[in-house]
Every structure is written in C-alpha cells, then in structure tokens.
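**Q** Got a structure here, written out as structure tokens. Questions coming.
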C-alpha cells in the first residue's frame with residue numbers, strides 16, 4: 001500500500017491547484033496523465049505511435065480539447081490562461097527556451113516539474129533529451145549525449161532486483177528526485193549544448209520498466225483525479241474566439257469541444273481521418 005507521505009506528495013503535485021472555478025487552466029504536454037483540472041491540453045503527438053514519449057505508453061485520453069501543436073509555437077492569445085501545468089514535458093522538447101517562453105506568454109502563472117539530474121543520472125527515461133537542474137532560481141537544461149549517463153550504472157540498473165530496490169528508495173524520497181517550480185510572470189532558464197534528437201526515437205517496446213513514481217500511488221490518485229474531472233463543470237463553454245486569433249482551427253465562433261484538434265493546414269497534410 002502507498003505510504004501517507006507518498007499520497008500527500010502526489011496530492012500536492014497533481015491534485016491541489018491554486019485556481020478559482022472559472023479560471024482557465026492549460027496542461028502543456030498532458031500525455032497519458034493530463035492534469036485533472038486542465039480545461040485545454042497541448043500534446044504535439046497525441047497518437048499511440050508516439051507512446052515512447054509517455055510514461056505509460058500508448059495514446060492519450062482526449063476527454064478534453066487536445067491541441068496537437070508544438071509547445072514552442074502555441075496558437076493561443078497572450079495571457080489567455082490563468083494557470084499552466086507543464087509536468088515532465090520540457091526534458092523531451094528540442095527547444096525548452098521556446099517552450100517556456102510560450103508558456104509564460106499564454107499563462108499568467110503555473111507549475112513546472114522536471115526530473116532532477118541527480119536521480120536521472122542513475123535512472124532516466126531513455127527518450128529524455130536533457131539533464132535538468134535548478135541553479136539558484138535558474139532552470140538549467142544540459143544536453144544529453146547518450147541514453148544513459150554511465151554504462152556501469154546502467155548495467156547495474158538493468159538487474160531487476162537492484163532496479164526495484166533503488167526505485168523503492170527513490171519513491172520514498174520522490175521530492176528529492178524532481179524539480180518542482182511554481183512560477184508567476186516568467187522563468188529564468190539556461191540551455192547548454194545541442195540535443196541529440198535521435199534519443200527521442202527509442203521504440204516504446206525497448207523502454208522497459210524505467211519510471212520513478214509508485215504505480216500504486218499513481219493508480220489510487222488517478223482514480224481520485226478522474227472523479228474530480230467528472231464533477232468539473234464550467235459555467236460556460238470555451239469558444240475559439242476567446243483563446244485564438246484567426247481561423248486556423250475552424251470557425252472562430254465555434255465552441256471548443258473535446259477531441260484532438262489540429263490546424264487546418266496540418267489536417268489537410270494528413271488527409272482524411
């Protein structure tokens with residue numbers, strides 16, 4: 001069973017959010033675990049063939065509007081969201097500076113979470129492009145040159161008993177394994193090096209059991225989050241004209257409904273669904 005500490009940690013990170021009922025919330029990189037309170041989700045590759053970029057693999061839930069756009073090129077009006085959640089996304093993107101600039105442009109404040117380099121060098125998700133650290137108040141991204149930091153550590157972690165033991169220890173001290181940054185206005189960020197984009201191409205079947213974070217805790221809290229979402233009701237529907245300039249996504253007066261939403265130009269390049 002999950003410990004009280006692990007449940008409290010998950011609740012602080014994934015359930016509690018300082019917004020009012022009709023505040024607009026965006027989840028940038030929602031993946032297969034979108035934030036329960038998000039009104040809008042951004043995920044560049046929501047389909048199942050991009051499952052290697054997600055902790056649980058497979059396609060994401062489209063129970064809300066999901067904009068299939070790049071985090072560094074958001075279509076929304078400046079300041080259109082009251083709060084942004086960006087959890088375990090920036091370590092995947094080729095240009096975190098652009099993604100952070102766009103997030104701070106479209107939202108007034110928010111929450112960022114990335115894996116801390118100290119634990120990531122022991123056990124990291126193979127498709128991550130960056131080692132992340134917080135130096136003073138600056139979020140620093142250093143480009144990874146290869147999948148694992150050290151071949152000997154990687155070989156040790158490939159042994160099931162060792163990996164499970166170390167991950168249990170990490171899960172009991174999860175706050176030490178991540179960087180949790182609450183921001184308002186802007187984020188100080190620095191990038192060092194060029195990302196090796198081929199790291200993002202690791203097939204989903206080659207990922208194995210790599211994640212940090214208790215499966216039991218996540219399962220319990222996801223059920224709580226799902227129930228919260230089912231009881232979430234806005235007082236008025238979202239409209240394209242409230243969030244987006246132009247008609248790149250349809251008629252400006254149309255309501256925004258749940259499902260995957262692409263720019264008209266992207267849809268035409270994909271052909272008929």
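**Q** Only one of 257, 191 is part of a strand (DSSP E or B) and modelled with pLDDT of 70 or more; which?
**A** The unique qualifying residue is 191.
**Q** Can you tell me how many residues within the stretch 90-100 are surrounded by fewer than 23 Cβ atoms within 10 Å (Cβ to Cβ) and over 17 Å from residue 199 (Cα atoms)?
**A** Residues in the stretch 90-100 being surrounded by fewer than 23 Cβ atoms within 10 Å (Cβ to Cβ) and over 17 Å from residue 199 (Cα atoms): 2 in total.
Yes/no matrix, rows are residues, columns are (1) in a strand (DSSP E or B); (2) touching a strand residue (DSSP E or B) at 6+ places or on another chain (Cβ under 6 Å); (3) surrounded by fewer than 17 Cβ atoms within 10 Å (Cβ to Cβ):
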| position | (1), (2), (3) |
| --- | --- |
| 102 | no, no, no |
| 105 | no, no, yes |
| 113 | yes, yes, no |
| 122 | no, no, no |
| 126 | no, no, no |
| 133 | yes, yes, no |
| 139 | yes, yes, no |
| 142 | yes, yes, yes |
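**Q** Only residues that are modelled with pLDDT under 70 and either in contact with a helix residue (DSSP H, G or I) (Cβ under 8 Å, 6 or more places away or on another chain) or in a helix (DSSP H, G or I) (or both): list them for the stretch 226-251, please.
**A** Residues satisfying the conditions are 226, 227, 228, 229, 230.
**Q** Moving on. Within the stretch 27-43, track down each residue that is over 11 Å from the mean Cα position of the chain (by Cα) and either touching a residue at least 60 places away in the same chain (Cβ under 8 Å) or closer than 19 Å to residue 200 by Cα (or both). Show your work before the answer.
**A** Going through the stretch 27-43, the residues over 11 Å from the mean Cα position of the chain (by Cα) turn out to be 36-40.
Once the filter is applied, which keeps residues that are over 11 Å from the mean Cα position of the chain (by Cα) and either touching a residue at least 60 places away in the same chain (Cβ under 8 Å) or closer than 19 Å to residue 200 by Cα (or both), the stretch 27-43 yields 36, 37, 39, 40.
The values are calculated or read from the model by the stated rules, or taken from the named source; none is laboratory data. Only a predicted model underlies this, so the values are computations on that prediction, with no experimental measurement involved. Cβ coordinates were reconstructed from backbone atoms using ideal geometry, including for glycine residues, and neighbour counts include every protein chain displayed.
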